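Visitor: Mind having a look at this structure? Questions to follow.
The values are calculated or read from the model by the stated rules, or taken from the named source; none is laboratory data. Here the structure is a predicted model, which is why all the values come from computation and not from measurement. Positions of Cβ are generated from backbone atoms using ideal geometry, with glycine treated the same way; all protein chains shown enter the neighbour counts. Only protein heavy atoms, including side chains, enter the accessible area calculation; ligands, DNA and RNA are left aside. Shrake-Rupley method; radii C 1.70, N 1.55, O 1.52, S 1.80 Å.
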Amino acid sequence: MAGANGAVAQGAVRATGVRIGVHGQETRFVVDLSGPVRHRIFAIANPNRIVIDLPRLDWRTRQEGPRRRNAVIKTYRFGAFTAGANRIVIELRQPAAIARSFVIPPRGAVKNYRFVLDLKPVSQTAFRASVRAPARAQGRGSRVRRAPKRRRAVRSKPVIVLDPGHGGIDPGTRGRLGTREKHVTLKVARTVRRALLATGRYKVVMTRTGDTFVPLRQRIAIARKAEGDLFISFHADALSIKSFRGASVYTLSEKASDDEAAALAKKENKADIIAGIDLARESGDVRNILIDLAQRETMNRSIHLARFLISDLRRAIKLVRNKKHRFAGFAVLRAPDVPSVLIELGYLSNKADERLLRSSRHHAKLARAIVRAIDRYIALQSKLSKT
């Protein structure tokens, strides 16, 4: 699996296989490795998961679920978590405790190392007792906190924050031709970045530059730290209706524009759970970033950008047949003071869309349209600020 810079570090330990076996009451999870590794294991509740943190690995194995229904393991996933670390997240079918974990060195005819994790069923009470305590205290109460306004430094170039959806251990959707959403979004974001920089008018910040996982709230934090003037998140999802295709643009709203938008937002907002993030550890400031009065101006600006994007994208690519501008409660759009949109680039569940999303020529068309829309948005904001 590629690292943060697009390549596996030289000399990285290879993971060549994953196996699950049931032995009496215990379930054994085994990873075959080319060398020894250090590891850290912990449990997370809501939903119940076991998380294994490892050094950077070169994954040479496919992800497959357990083949026996009586195993305590429901499913598992692995991939890059940060630039220098990998993570395995095991979703549990029932509460389970870590009976033991160890690494077996090569012996006899077995030439590889084996990481072994044994799990045994326990009660939910016992499982919760094994969950690590939050690293920092949670905020008091559930009151919505007003986001502090920032004083922007005087600068000559607007800051555009580009957010390639998914990454690392969170691959997103897989297309019918095998295309991974996380790769499509990164390629499109890189193309848009080059097009923006080529104008000489913008500074561009990326929430990720390689195949690494970035938590949803951290994406927001990156945009705010950069004092972004715009935040654009890229996705390419899938639908059960294979004939449905085309691009669309989303802005934030607690009330979704339709059932499909609501379902998509619910799915995307689970990214942190997929990657084994303990959401109970989030501070009150992060957990309580919701829509309040201070955010209404930001939402209005987001809608302006969405309309420009739809207008310019329509001239370059195929959009969905109806409801091109949609609303949903995407967590990644919740920066209280950075106008934000999410562009659904197309649907990987549709072969025509998937072929286009694999095309660098199509990426260039997308980039040109997005740059035109940003130019028009910035011009409008400049005009409004002078009135």
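Visitor: Which net charge results for the neighbourhood of Glu181, defined as the other residues with beta-carbon distances under 9 angstrom from its beta-carbon, given Lys and Arg at +1 and Asp and Glu at -1? Don't skip to the answer; put the middle values down first.
Guide: On the way: positive: Arg174, Arg180, Lys182; negative: Asp237.
Net charge in that neighbourhood comes out at +2.
Visitor: Further, regarding this structure: Please give the per residue accessible area of the range 207-246, computed with a probe of 1.4 Å over protein heavy atoms only, in Å².
Guide: Values: 1430 Å² over 40 residues.
Normalised by residue count, the accessible surface of the range 207-246 is 36 Å².
Visitor: Over the range 44-127, what percent of the accessible surface lies on carbon and sulfur atoms, probe 1.4 Å? Please list the in-between numbers first.
Guide: Details: 1930 of 3980 Å².
Ligands and nucleic acids excluded, carbon and sulfur give 49 percent.
Visitor: Counting only protein heavy atoms and using a 1.4 Å probe, what share of the accessible area of the range 298-387 belongs to carbon plus sulfur, as a whole percent? Please report the intermediate quantities before stating the final value.
Guide: Working: 1950 of 3930 Å².
Ligands and nucleic acids excluded, carbon and sulfur reach 50 percent.
Visitor: When Lys and Arg each count +1 and Asp and Glu each count -1, what net charge do the other residues less than 11 Å away from Val161, Cβ to Cβ, add up to? Each step should come with its number before you reach the end.
Guide: Numbers: positive: Arg193, Lys203, Arg219, Arg224, Lys225; negative: Asp163, Glu227, Asp229.
Local net charge: +2.
Visitor: Which net charge results when you count Lys and Arg as +1 and Asp and Glu as -1 among the other residues whose beta-carbon is under 14 Å from that of Lys111? Walk me through the numbers before you get to the answer.
Guide: Values: positive: Arg14, Arg107, Arg114; negative: Asp32.
Charge balance near Lys111 sits at +2.
Visitor: Right, something else. Is the range 327-387 rounded, prolate or oblate when judged by the Cα gyration tensor, a ≥ b ≥ c being the square roots of its eigenvalues, rounded requiring a/c under 1.5 and prolate requiring a/b larger than b/c?
Guide: On the way: a/c = 4.04, a/b = 1.59, b/c = 2.55.
Oblate shape, in that a/c is at least 1.5 and b/c is the bigger or equal ratio.
Visitor: So which of Lys242/Lys318; Lys203/Lys225; Lys187/Lys365; Lys157/Lys383; Lys324/Lys386; Lys242/Lys365 end up more than 21 Å apart by C-alpha? Don't skip to the end; give the middle numbers.
Guide: Numbers: Lys242/Lys318 16 Å; Lys203/Lys225 14 Å; Lys187/Lys365 13 Å; Lys157/Lys383 16 Å; Lys324/Lys386 31 Å; Lys242/Lys365 24 Å.
Beyond 21 Å: Lys324/Lys386; Lys242/Lys365.
Visitor: By per-residue mean of other Cβ atoms within 10 Å, what is the highest-first order of 163-171, 228-236, 192-200, 111-119? Please report the intermediate quantities before stating the final value.
Guide: Details: 163-171: 26.6, 228-236: 25.0, 192-200: 16.0, 111-119: 17.7.
Output ranking for 163-171, 228-236, 192-200, 111-119: 163-171, 228-236, 111-119, 192-200.
Visitor: Could you derive backbone 3J(HN,Hα) for the range 215-220 from the dihedral phi with the Karplus parameters 6.51, -1.76 and 1.60 (θ = phi - 60°), listing whole Hz in sequence and x where the residue is Gly or Pro?
Guide: For the range 215-220, the Karplus curve yields x, 4, 5, 5, 4, 4 Hz.
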